[in-house]
Each structure stands twice: as C-alpha cells, then as structure tokens.
Amino acid sequence: MSRGFVKEDDAQTPPIVPPRAALPPGSPNYVTPTGLELLRTELVGLEAERAAAEADRDNDTDRTHRLSLLNGRLALLTERIASAKVVDPRTQPPGEVRFGATVTLRTLSGGKAGFERKFTIVGVDEASVAAGKVGFVAPLARAIIGARLGAQVVVSLGGQAETVEIAALSY
C-alpha cells in the first residue's frame, strides 16, 4: 500500500522506555537496604499505575502505548531488583571507605584548600547528587574506596586533579 493512503498517526512506533541508571558490564548491583526498599516502593507504584491504565478504556491507542511503556519500565525494574546484592553499611570495616560509607573529603591542594564535601556511597539507583548520594561506580567513589580515615587521595574533579584527605568516615 502506498504511504499516501496512510495517516501518520496510524504508524505506531513502540514507545522508548527510559533506561535505568547504568551499571558497568560485569559489575554487581550493590544496594543499601534503603535503596532496595526504594526500588520495591517504585515497583508497587508502577504496578498500581499499570492496573489503572488497564482499567482505562477511554482511548485504546493511548492505553496501548501507555501499557507498553509501563510494561517496559516494570521489566527493567524487576530485573534490577532481582540482581540486587544488599550490603548493610553497618557490616563494613569502620576505618575504611567502602560501600555505604558517609565520607567527608577535605581538599588539601589542587582546588580550594580547606573545602569540604560530604556524601554517601550508594547503589546506582539510589544515587542523587542533590541528596548527597554518589553511586559506587562514580569516578569519585572509585577513587576513594579502600582508603582509610586520614588518608590522602588524588581525585579528578572536573578534569582537575585534587589531593583530598578522608576527614571523616561513618556508616
């Protein structure tokens, strides 16, 4: 059939499902207990949203598109939950930076000397710069994991190398 006889609206393209936060290939999906709870809460919300979309019979085209998108998001979320490896921060070594640590870095050189930044190392789905949570796969987190309290570490921030000190560490 010629494209001249088909309305553009009739050409259905599958919805683009937004990907979840990236995990490097072969990297375990570490999560904190709080992070796993957030994923489960998100799952409940998406399931409720899908149930509402299934019940909505007003516009079948919109409903089908919405259900495809929700089913894609649910599949990705279910896969992420299934691969989760829960790490309780309280079981980590107290004097060493590990997953779940809340760290305060003090700049010694290469940046504004004395500047402090505080963040918690969490799973990729829980990461939020605004909330002070950095994913364990982030370059900053990878640079300091394994360092001990009081250690000096060189990190690359914004393309500039800084020497920082692990000024405080807690779980």
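Just a few scattered comments:
- Inter-part distance where segment 31-62 and segment 101-171 are each reduced to a Cα centre, Å: 34
- Cut-off 13 Å between beta-carbons: net charge of the residues surrounding Val129, Lys and Arg +1, Asp and Glu -1: +2
- Electrostatic tally near Arg66: other residues with Cβ closer than 15 Å to its Cβ, Lys and Arg +1, Asp and Glu -1, net -3.
- Pairs of Cα atoms nearer than 8 Å and 6+ residues apart set the relative contact order; for the chain it is 23 percent.
- Candidates Gly132, Gly111, Gly26: whichever shows maximal mean-square fluctuation once the chain is modelled as a Gaussian network with Cα springs under 10 Å: Gly26
- Dipole of the chain, positive direction: furthest Cα of Leu140, Ala21, Gly35, with charges on the beta-carbon: Leu140
- Per-residue ³J(HN,Hα) for segment 26-43, Karplus 6.51 cos²θ - 1.76 cosθ + 1.60, θ = phi - 60°, Hz, x for Gly and Pro: x, 7, x, 8, 6, 9, 7, x, 5, x, 5, 5, 5, 5, 5, 5, 4, 4
- Given 12 as the ceiling on other Cβ atoms within 10 Å, longest exposed-site-free region of the chain for trypsin sites (Lys or Arg not before Pro) in DSSP loops: 113-171
- Cβ-placed point charges (K, R +1; D, E -1), dipole of the chain about Cα centre in debye, nearest 20: 740
- Difference of contour (0.36 nm per residue) and Cα-Cα distance, Lys118 to Val44: 23.5 nm
- Over the chain, DSSP H runs of length four or greater, each weighted -39,500 (n - 2.57), average out per residue to a 222 nm ellipticity of -10000 deg cm²/dmol.
Coordinate-derived values only; no laboratory data. Quick caveat: nothing in here was measured; it's all calculated off a predicted structure. When we count neighbours, we look across all protein chains shown, and the Cβ atoms used for this are built from the backbone with ideal geometry, even at glycine.
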